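Since every read-out is calculated from the coordinates, none of them should be taken as a lab result. These numbers were taken from a predicted model, which means no experiment stands behind them. Cβ sites come from the backbone with ideal geometry, for glycine too, and all protein chains shown count toward neighbours.
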Amino acid sequence: MLPLVVAKNLNAAEWGNLYKVSVQQGVVAIAYSMISSFANNGTLPRALKIQWALHADNIKQRTQNQLITANELTDIYKANNINTALLKGLGLGIYYSNSKHRECGDFDCYLFDDYQNGIEIAKTV
């Protein structure tokens with residue numbers, strides 16, 4: 001990621017490239033949270049700022065929904081005496097300054113010794 005001093009002086013094309021790279025690397029919300037404090041200096045095109053902000057908000061909302069769903073599923077597993085451990089994906093969000101900035105596409109959990117029963121329960125949810 002570019003140092004903030006350099007990012008403040010980007011032209012419109014460079015801002016577009018930075019956004020594109022942040023999308024490719026899955027860090028849209030993280031990058032936006034860093035640049036939003038100084039993005040009003042006039043160099044970040046307004047349309048791109050809005051697009052970036054909406055994209056970041058969508059990531060945060062999707063992550064929130066995924067966390068709710070993951071908690072519901074682990075509660076169901078718990079009710080069926082299946083121990084779970086959250087792996088990568090959502091689990092890595094705890095290492096971010098804002099866990100909802102972690103772009104994630106799936107929910108991975110380890111079901112210890114009751115894998116098959118957990119799969120059958122997940123199919124019914």
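Rg and Dmax over the alpha-carbon atoms of the stretch 70-125 stand at 12.3, 36 Å. Under a Gaussian network description of the chain, with springs only between Cα atoms under 10 Å, the residue in 20, 100, 78 that fluctuates furthest is 78. For the chain, the fraction of alpha-carbon pairs lying more than 19 Å apart is 55 percent, rounded to a whole number. Report the FRET efficiency, 1/(1 + (r/R0)^6), for residue 9 and residue 58, where r is their Cβ-Cβ distance and R0 is 35 Å, rounded to 0.05. Using R0 = 35 Å, I get an efficiency of 0.80.
For residue 78 and residue 96, calculate 0.36 nm times their separation in residues minus their Cα-Cα distance, and state this gained length in nm to one decimal.
Using 0.36 nm per residue and subtracting the Cα-Cα distance, I get 3.8 nm.
Between residue 122 and residue 46, how high is the FRET efficiency from 1/(1 + (r/R0)^6) when r is the Cβ-Cβ distance and R₀ = 30 Å? Nearest 0.05.
Given R0 = 30 Å and the Cβ-Cβ separation, E is 0.10.
All Cα-Cα separations within the stretch 22-96 were binned at 10 Å from zero, giving a P(r) of 16, 38, 23, 15, 6, 1, each value a whole percent of the pairs. With a simple spin-label model that places each label point 7 Å from the Cα along the Cα-to-Cβ direction, the separation between residue 112 and residue 21 comes to 4.5 nm.
Dividing the summed -39500 (n - 2.57) terms of all DSSP H runs of n ≥ 4 by the residue count of the chain sets its mean residue ellipticity at 222 nm at -18000 deg cm²/dmol. Taking Cα atoms, how many degrees apart are the long axis of helix 12-25 and the longest axis of the chain, rounded to 10 and kept between 0 and 90? So the helix axis and the longest Cα principal axis differ by about 10 degrees.
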